[in-house]
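Here the structure comes first, spelled out in structure tokens, and everything after it is commentary.
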Amino acid sequence: MFNQSRLVVGIACLVLLTGCATNKSLYHWGSYQQVILDSYAQPGSADSLMQINTLTADIQKAESSEAKIPPGLYAQLGLMYAQQGMSQDSKLAFLKEKELFPESARFIDGLINSNKLKGK
């Protein structure tokens, strides 16, 4: 009886520890969430050039570790390129967002077709 109780407790502990060990994120978020938070909470604290540098560094880190890019990162990068007047880079970032997340196609198409990105 005593050995059976120890076995049950041991298995329960093993299951609990295994469940805790699989806390890996689906995406490589890097600084993306903090950049977005800063841009809304403290407008002006995260200018477009700083965001471009931070987000491209996050993309490089994710690619080097074969991690997935989170939804919206390329769209944010595209918006920052657009603010800098870098229309071609902006469009490429938007197309990459659409490629990775096809459900965003309508939204991304709207951004691409906006007057701001056409250079008007």
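A short reminder: the numbers here are calculations on the coordinates, not readings from a lab. Note that this is a predicted model, so its numbers are computed, not measured. Neighbour counts are summed over all protein chains in view; Cβ atoms, including those assigned to glycine, are modelled from backbone coordinates with ideal geometry.
This table checks each residue for (1) of a type outside the set (D, E, K, R); (2) more than 21 Å from Gln34 (Cα to Cα); (3) free of Cβ contacts under 8 Å to residues at least 12 places away in the same chain.
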{"site": "Ala75", "(1), (2), (3)": "yes, no, no"}
{"site": "Tyr81", "(1), (2), (3)": "yes, no, no"}
{"site": "Asp89", "(1), (2), (3)": "no, yes, yes"}
{"site": "Leu95", "(1), (2), (3)": "yes, yes, no"}
{"site": "Pro102", "(1), (2), (3)": "yes, yes, yes"}
{"site": "Ile108", "(1), (2), (3)": "yes, yes, no"}
{"site": "Leu111", "(1), (2), (3)": "yes, yes, no"}
**Message:** Suppose we keep only residues that are surrounded by 14 or more Cβ atoms within 10 Å (Cβ to Cβ) and over 19 Å from Ser87 (Cβ atoms) within region 48-59. Which one would you say is farthest from the chain's Cα centre (by Cα)?
**Reply:** Met50
**Request:** Would you mention how many residues in region 104-113 are loosely packed, with under 15 Cβ neighbours inside 10 Å and either touching a Phe, Trp or Tyr at 6+ places or on another chain (Cβ under 7 Å) or within 15 Å of Ile69 (Cα to Cα) (or both)?
**Result:** 0
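Mind telling me which of the residues Asp89, Asp38 ends up being surrounded by fewer than 19 Cβ atoms within 10 Å (Cβ to Cβ) and closer than 17 Å to Asp109 by Cα?
It is Asp89.
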**Asked** Across region 66-88, what is the number of residues that are polar (S, T, N, Q) and under 9 Å from His28 (Cα atoms)?
**Response** 0
